[in-house]
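The structure appears right after this line, and notes come after that.
The values are calculated or read from the model by the stated rules, or taken from the named source; none is laboratory data. The structure displayed is predicted, hence computed values, not measured ones. Every residue, glycine as well, gets a Cβ built from its backbone with ideal geometry; the counts of neighbours run over all protein chains shown. Surface areas here come from the heavy atoms of the whole protein model, side chains and all, with no ligands, DNA or RNA. Shrake-Rupley method; radii C 1.70, N 1.55, O 1.52, S 1.80 Å.
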Amino acid sequence: MKSLLAFFLLASLAALSATAATPPNILFAVADDWGMHAGAYGTKWVQTPSFDRVAREGILFNHAYTPSAKCAPSRSCILTGRNPWQLKEAANHICYFPQEFKSWGEALTEHGWFVGFTQKGWGPGEAKDAAGEPRLLTGIAFNQRKAPPPTTGISNNDYAGNFAAFLDAAPAGQPWCFWYGSVEPHRGYEFGSGVAKGGKKLTDIDRVPACWPDNDEVRNDLLDYAFEVEHFDRHLGRMLAELEKRGLLANTLVIVTSDNGMPFPRSKGNSGELPNHIPLAAMWPGHIAQPGRTVDDYVSFVDVAPTLIDVAGLAWPATGMAEPAGHSLTGIFRSEKSGLTDPARDHVLIGRERNDIGRPHDEGYPIRGIIKGGYVYLENFAPTRWPAGNPETGYLDCDGSPTKTSILEAHRKNPADIFWARCFGLRPGEEFYDLAHDPDCLKNLALAPQSTSVQSDLREQLLAELRTQADPRMNGNGKVFDQYLHSNKNHVGFYERFMAGEKMTTPWVNATDFEKADSVPAPAK
């Protein structure tokens, strides 16, 4: 009897060991410039059945944010678990990724995982090791399979087909992690495709944010954006079906999100509610309590890396990754609560440094901010600089679009046009918004005759946490972010070269975005 008990005890221990040593597979799906527009969030003019399924069979996050609303710095935060001001050069867009910061893609690979991605992983920028070889921050690329795109603005990458190719290549018995990085709904779009090919109507849009004019150009632009979001969602649906067909969905953690807000003026590239608030849903059969929950905890992209390392069964020190600012989301997964599950998750920090070039001396537009309790507080460290980039160099921190063109043309006819001021004008040193009464963040309460205690409390908390995280801006060394080199050598010193008459290439904006130098008001000194 004793030997039989010992046998069953050893067998049980072996089973537990095997379970612990068999982590889930991971599908991490990240759209490019998708804001808070999904059926699960109540949007009627964007159809996202696949994202909605993930939310329905898993968990939907109402308050997920990227620390930096631009492609490369946002993805740097996802991959490292650190805020941009903790990442040296990687705080900037189109940078040289620092060798000292390891990604979870690299860490998983080192610990026996099969890691791959399709289309857009980390970037744009340059990430090389000490030998000058490209680093595999998101694993091995799978981009061979192509498909006819539905519009001229959509990639011909067969994302789901390349995911299937990845699964074919994955060694049997080895855990895998796949990064699905679409380039939709990044610009440009095929104008009118939302109506002509998506079957949408301009009247489908229930509300145009008040920072933009409500006209046919803007509504068409929004519907074209919606059509590209739906393309991302269709490939996600095909990937879920592929996992089901292969019997893999039951042991796969699926996370779906976007790197930053929508590519419209005052959104992507800025800091605040519209730029930084992003969709997020996760499903993991058998490991998310009470599937279908919606939670109100404030979560950040710095929580992604700790979450993936946690579910992989790895101790953080064993990864060789720098200390994270975030915390694993598995506690929320295990909770049975909806609404607020963890009172400590009551805020997020956001900010930016240099995104696109176009200001004198390749300077950025430094911001730090905090979002908490329905309020947004921002501190602009260089308010004499142009937030969206200098007018004479095309407002390069804002992608070209029909919406941008509409606003610029209206401003040229009427310099007092309010939409130009909201999207491209100079901003004060502090901004403070009450989201419950001002969801578009247009009424800056920091300009009120008397500031509130909420504003001062948020500022105090923000600065205290930034000091704890050793933000160079807190010790007077913020200029280091402007001094880091832009990794596109053709654009280094852009402003001075352009103003001297050199022809520069700027494919992300329109030729009509550039203002005549003699028509640009000089910023206050």
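Considering region 272-296, and only residues there that are open to solvent by less than 10 Å² (accessible area, probe 1.4 Å) and under 18 Å from the mean Cα position of the chain (by Cα), the residue that is nearest to G429 (Cα to Cα) turns out to be G272. Residues of region 214-236 include at least one that is of a type outside the set (S, T, N, Q), assigned to a loop (DSSP other than H, G, I, E, B) and closer than 17 Å to S401 by Cα. Are any residues in region 339-353 more than 17 Å from E379 (Cβ to Cβ), under 22 Å from the mean Cα position of the chain (by Cα) and open to solvent by less than 40 Å² (accessible area, probe 1.4 Å), and if so, which ones? Result: R345, single match. Against the list (1) out of contact with any Asp or Glu (no Cβ under 9 Å at 6 or more places or on another chain); (2) over 24 Å from F178 (Cα atoms), the condition N270 fails is (1).
Taken together, A344, A322 contain a single residue that is part of a loop (DSSP other than H, G, I, E, B), out of contact with any strand residue (DSSP E or B) (no Cβ under 8 Å at 6 or more places or on another chain), over 17 Å from N260 (Cβ atoms) and free of Cβ contacts under 8 Å to residues at least 12 places away in the same chain, which is A344. Test L349 against the stated conditions and say whether it is touching a Leu at 6+ places or on another chain (Cβ under 9 Å), hydrophobic (A, V, I, L, M, F, W, C) and within 30 Å of E244 (Cα to Cα). Against the criterion (touching a Leu at 6+ places or on another chain (Cβ under 9 Å), hydrophobic (A, V, I, L, M, F, W, C) and within 30 Å of E244 (Cα to Cα)), L349 does not qualify.
Of all the numbered requirements in (1) out of contact with any Asp or Glu (no Cβ under 7 Å at 6 or more places or on another chain); (2) closer than 18 Å to R427 by Cα, V376 misses one, and that requirement is (1).
Inspect region 246-266 for any residue being open to solvent by 30 Å² or more (accessible area, probe 1.4 Å), over 28 Å from G389 (Cα atoms), touching an Asp or Glu at 6+ places or on another chain (Cβ under 9 Å) and part of a loop (DSSP other than H, G, I, E, B) and give the result as yes or no. So far as region 246-266 goes, yes, one or more of its residues are open to solvent by 30 Å² or more (accessible area, probe 1.4 Å), over 28 Å from G389 (Cα atoms), touching an Asp or Glu at 6+ places or on another chain (Cβ under 9 Å) and part of a loop (DSSP other than H, G, I, E, B). Name the single residue, out of those in region 181-201 being open to solvent by 50 Å² or more (accessible area, probe 1.4 Å) and of a type in the set (G, A, S), that is nearest to H235 (Cα to Cα). Checking each candidate, the answer is G199.
Here is a yes/no grid of residues against (1) within 21 Å of G269 (Cβ to Cβ); (2) part of a loop (DSSP other than H, G, I, E, B):
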site	(1), (2)
A436	no, yes
L442	yes, yes
S456	no, no
L485	yes, yes
R497	no, no
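One residue alone among L79, L27 is touching a strand residue (DSSP E or B) at 6+ places or on another chain (Cβ under 7 Å), open to solvent by less than 50 Å² (accessible area, probe 1.4 Å) and either over 20 Å from S267 (Cβ atoms) or at pLDDT below 95 (or both), and that residue is L27. Has region 188-204 got at least one residue that is closer than 27 Å to F114 by Cβ, acidic (D, E) and assigned to a loop (DSSP other than H, G, I, E, B)? No, region 188-204 contains no residue that is closer than 27 Å to F114 by Cβ, acidic (D, E) and assigned to a loop (DSSP other than H, G, I, E, B). Screening F178 against (1) of a type outside the set (A, V, I, L, M); (2) part of a helix (DSSP H, G or I); (3) touching a strand residue (DSSP E or B) at 6+ places or on another chain (Cβ under 9 Å) leaves a single unmet condition, (2). For the residues L466, L445, L458, L462, the requirement of being of a type outside the set (F, W, Y), over 26 Å from the mean Cα position of the chain (by Cα) and surrounded by 17 or more Cβ atoms within 10 Å (Cβ to Cβ) singles out L445.
Looking across region 361-385, the residues that are in a loop (DSSP other than H, G, I, E, B) and open to solvent by 10 Å² or more (accessible area, probe 1.4 Å) come down to E363, G373, G374, F381, A382, P383, T384, R385. Within region 490-517, the set of residues being of a type in the set (K, R) and either surrounded by 15 or more Cβ atoms within 10 Å (Cβ to Cβ) or at pLDDT below 95 (or both) comprises K516 only. Restricting the search to region 395-433, which residues are among the acidic types (D, E) and surrounded by fewer than 16 Cβ atoms within 10 Å (Cβ to Cβ)? Listed by number, the list holds a single entry, E409.
Would you confirm, using the coordinates I've provided, whether P521 is modelled with pLDDT under 95 and either exposed (fewer than 13 other Cβ atoms within 10 Å of the Cβ) or out of contact with any Ser or Thr (no Cβ under 9 Å at 6 or more places or on another chain) (or both)? The answer is yes for P521. Among the residues here, E106 qualifies as without any contact (Cβ under 8 Å) to a residue 40 or more places away in the chain and farther than 22 Å from S267 by Cα.
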